[in-house]
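What follows draws every value from the coordinates through simple rules; no lab data is involved. The model shown is predicted, which means the values in this text are computed figures rather than measured ones. Backbone-built Cβ (ideal geometry, glycine too); neighbour counts: all protein chains shown.
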Amino acid sequence: MKKMFDALILSSLCIFNLAGVFGADELMSMSVTEGDSVTLPTVVTELKEDDVILWKFGPKDILIAQISSKESEIYNDSDGRHRDGLKLDSQTGSLTITNITSTESGLYKLITTRTDTPLKKFNITVYARLPVPVITSDSQQNVSSPEDSLSSKCVLLCSVMNVTHASLSWYKGKDSLSSISVSKFNTSLSLPLELECVDDSYSCVVNNPIANQTQHLNITDLCQPCAEHCCGRTEAAIRLVISGLVSLAIVAVLVYDISY
């Protein structure tokens, strides 16, 4: 009877120690970009002889990996979700997911065979890799106004394709002008902007919680009214300089004739 009691105490102490090492039922949220690798640690320096670590995934607790001091095994999901993408550390039992995809977002649980209670949980959110925004001109609306060339305007459209949980914004310098967001999977976004041809300190930015991509605007390349406005001002300046030089030449000739 005493031996059974001592064995029960020893088993309880082992479970308590494991819980202390792992952090009982601890939840850690992680955000990663599609295509990256992520490691789920056990915070164990070395597996003991009787330790068996189980990794489970999703609301149905699908067993995806198992490791002990003697052997390890990777289990592919029935839909091939984690196929060839899982690696186990033979010493610590930590799980690495390589080349992660959006379908691998979800809850991962660390369990030992000594207890059914998860010792650690990881909630992983995978974000699609962001594309660089594309800025195009609305040619139907971008028509010069000869009567009021100094206030010429341009209508532009900034677009991105296949983004998830992302926002698209127009900026003038550091000031946000407009924005649109989406949470659906693989959605396209477009955001128009009407601006005056006074400068080109505009940019279009797409971002999610962990990354961003920026496209800076060159007005004269995309907007004909602005190009004409810019060239018109340049041409006027050149004409003014030439007129000034001609006037100086005429004055010089007159002075020369009077002197002689």
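Sorted by packing (mean other beta-carbon atoms within 10 Å per residue), highest first, where do 42-55, 184-197 land?
Output ranking for 42-55, 184-197: 42-55, 184-197.
What percentages make up the Cα-Cα pair-distance distribution of segment 21-127 when the bins are 10 Å wide from 0?
Result returned by the calculation: 15, 53, 29, 3.
Pairs Lys48/Lys109; Lys70/Lys109; Lys120/Lys184: which are spaced more than 25 Å apart, C-alpha to C-alpha?
Details: Lys48/Lys109 20 Å; Lys70/Lys109 21 Å; Lys120/Lys184 29 Å.
Long pairs (Cα-Cα over 25 Å): Lys120/Lys184.
At 0.36 nm per residue, minus the direct Cα-Cα distance, what do Leu177 and Ser201 gain on full extension? Give it in nm, one decimal, please.
Answer, rounded to one decimal: 7.4 nm.
With the crude spin-label approximation of a point 7 Å out along Cα→Cβ, what separation in nm comes out for Ile62 versus Thr214?
The answer from the label model is 4.1 nm.
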